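For reference, the structure is listed below as structure tokens.
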Amino acid sequence: MGKRLNQQRRGKGSLTWKSPSHKYLEAISMGKSESKGGVVMDLRRDSIRNAPLALIEFTNGETLWIPAATGLVIGQKVFAGKEAPLKIGNFVTLDRVPEGKKVFCIERRPGDGGKLIRAAGNFATVMAQEGGKIKVKLNSGAITFMNPKCRAILGTVAGTGVKDVPILKAGKQHHINKSKHKYWPRVSAVGMNAYEHPFGGGRKARHASAKQTVSRHAPPGRKAGYIAARRTGRQR
């Protein structure tokens, strides 16, 4: 009798697979879309993120954790709104950002709090204003057109080079994954025994011992691989 596949166990939502979100700081939003001023009260590292976070207390009573900008220091004043000066760490709308300026924590839609460019060392570049939209070059090199009323933070995300340090040993990789509650090390499906996974038990070559394309209506124990794939293979 076979065992439950890992993807089946993950779907049950047990503590082994559930992320302990209560351990992480809530760095989700830039707060209300209004003119406000505040002060950087603290800079802290969070185990789930590679960028340091800044705690900002605003005069309107808001307290926010946001990705820290490079050069931001404790005690620095931060401003948001139409009158905010164009300085590193301030919240401004994209229509106020000059061409060539670097920004991060960009909103996809006005008021969503900032969804793009939040990882350490990343930034986007405001290129031009075309047809009532702001042309922005993302960190990946992709060009996108944003609503002029979307907000962003001036500067680049702090923590540049955090991934340049070599890991060197498995113990360090273990603690990195443990802090993010990731299942590690992961065994490939073809490396398992036949009773552990549908692709396991292959002889001689490291290949799947069963077909990898399955029906959308396959039972849970067999639904592994390319589910209801329209096509497989190389694009020509």
Residue among ALA120, ALA27 that alone is surrounded by 15 or more Cβ atoms within 10 Å (Cβ to Cβ) and either part of a strand (DSSP E or B) or at pLDDT below 90 (or both)
ALA27
Taking SER14 as meeting all but one of (1) in contact with a Leu (Cβ under 6 Å, 6 or more places away or on another chain); (2) within 30 Å of ALA224 (Cα to Cα); (3) of a type outside the set (A, V, I, L, M, F, W, C), write down the number of the exception.
(1)
From the residues in the range 81-102 that are in contact with a Phe, Trp or Tyr (Cβ under 7 Å, 6 or more places away or on another chain) and modelled with pLDDT of 90 or more, which one is farthest from GLY61 (Cα to Cα)?
LYS102
Suppose the filter is at pLDDT 90 or above and of a type in the set (Lys, Arg); does ARG206 pass it?
no
GLY111 fails exactly one of the following numbered conditions: (1) over 24 Å from TYR24 (Cα atoms); (2) modelled with pLDDT under 90. What is the number of that condition?
(1)
Of the criteria (1) under 16 Å from LYS101 (Cβ atoms); (2) loosely packed, with under 10 Cβ neighbours inside 10 Å, which one GLY141 fails
(1)
Answer yes or no: is there a residue in the range 63-78 that is in a strand (DSSP E or B), surrounded by 18 or more Cβ atoms within 10 Å (Cβ to Cβ) and in contact with a Cys (Cβ under 8 Å, 6 or more places away or on another chain).
yes
Among the residues of the range 183-220, the number that are part of a loop (DSSP other than H, G, I, E, B), closer than 30 Å to SER19 by Cα and not charged (D, E, K, R) is 18
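The values are calculated or read from the model by the stated rules, or taken from the named source; none is laboratory data. Bear in mind the structure is a predicted one, so any value in this text is a computation, not a measurement. All Cβ positions, even for glycine, are placed from backbone atoms using ideal geometry, and neighbour counts span all protein chains on display.
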